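Below is one structure, written out as structure tokens, with a few remarks after it.
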Amino acid sequence: MPIAANILRAGFGLSVFDIRPELCAQLARAGARVATSCANLAQTSDYIISLVRDIPQTKEVLYGKNGLWSGLAERKTLIIMSTILPEFIREVARLAAEQGNTVIDAAISGADVAAKEGTLTIMVGGPEEVYGDVRPLFEAIGKNIFHLGPVGSGMVVKLVNNAIRTVNLYGTREGLKLAIQAGVDPKRLFEVVNVSTGQSWGSDHWERDQREVESYRKDPQNSRFANMAKDREIALDYAMEIGGEVPLLQLTKSISLE
């Protein structure tokens, strides 16, 4: 929603489709056209963004009944922003190229605050000339925009970033627990850590993470950390696929998020 809203604010013509019609209606009031299906959206758009949870949902968007694939003509650009396996995106790009279309991956980072403010980090993989074409669109929703190489490259960097974030999160939580057990005020702890060598995104946002941990305990499936666990599995699968070793990331699977 906030990404779509920022695209509209930047003056781009926008068509939207979602399985929740109330969201489409909200965007329609802001000036968007509501497509009748993914296929209809593909027919009427030059640049198409897919941003759903995982590979099964992406497959449904692409290849399901009235999916994007059935509406694609030549010279369309499909932008996949979901955090999914790089090899899946590369396969989609191969199939699209056979039809005269282009796929780029544009992974995002920054969470809901950056999405609302239009300050996302965007990690892009794909042909450089296509990246040049779509950069103005990315500038409407992001602040730090990187072209990282061929299709799939942006997703690789996103998986690595999220793996580092996960390991940092568990390390920060472990240190916080130790400090509390020793009688140290968490706020004073992070006053020091955040101007010292233990500083990380997790230490900068420890109060927010604390709220998310509490939410996770109540409803694990709908917490922000459910997405973190999903991305961890993708990173572990990709590491296995390419023969990489990620023992610290693997270890976090066996540690309770306290």
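At a glance:
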quantity	calculated
Theoretical FRET efficiency, 1/(1+(r/R0)^6), r = Cβ-Cβ of residue 57 and residue 201, R0 25 Å, to 0.05	0.40
Positive-end extreme of charge dipole, the chain - chosen from 147, 157, 67 (charges on Cβ)	67
Label-point gap, in nm, between residue 113 and residue 9 - each point 7 angstrom along Cα→Cβ	1.6
Net charge of Cβ neighbours under 10 Å - reference residue 100; Lys, Arg +1; Asp, Glu -1	0
Ellipticity estimate at 222 nm from DSSP helix runs (n ≥ 4, -39,500 (n - 2.57)) divided over the chain, nearest 500	-17000 deg cm²/dmol
Relative contact order of the range 1-119, defined on C-alpha pairs under 8 angstrom at six or more residues apart (%)	22
Total formal charge among the other residues, if their Cβ is under 12 angstrom from that of residue 32, Lys/Arg +1 and Asp/Glu -1	+2
Simple label model, 7 Å out from Cα along Cβ direction - residue 245 to residue 37, nm	5.1
Segment residue 23-residue 230, extension gain: residue separation times 0.36 nm, minus the distance between their alpha carbons	72.1 nm
Distribution of pairwise C-alpha distances over the chain, 5 Å bins, in %	1, 6, 12, 15, 17, 16, 12, 9, 6, 3, 2, 1, 0
Cα centroid separation - the range 165-193 against the range 16-31, whole Å	42
Residue 255-residue 87 FRET efficiency (beta carbon distance; Förster radius 30 Å; 0.05 resolution)	0.60
Calculated FRET value between residue 133 and residue 214, using beta carbons and R₀ = 45 Å, to 0.05	0.55
C-alpha long axis of helix 86-98 to longest principal axis of the chain, angle in °	10
Net charge, residue 16 excluded, C-beta distance under 13 Å - Lys, Arg +1, Asp, Glu -1	+1
Tilt relative to the chain, helix 153-181 - C-alpha long axis, 0 to 90 degrees, to 10	20
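Since every read-out is calculated from the coordinates, none of them should be taken as a lab result. Remember, it's a predicted structure, so these values are computed and weren't measured experimentally. As a convention, Cβ positions derive from the backbone with ideal geometry for all residues, glycine included, and neighbour counts pool all protein chains shown.
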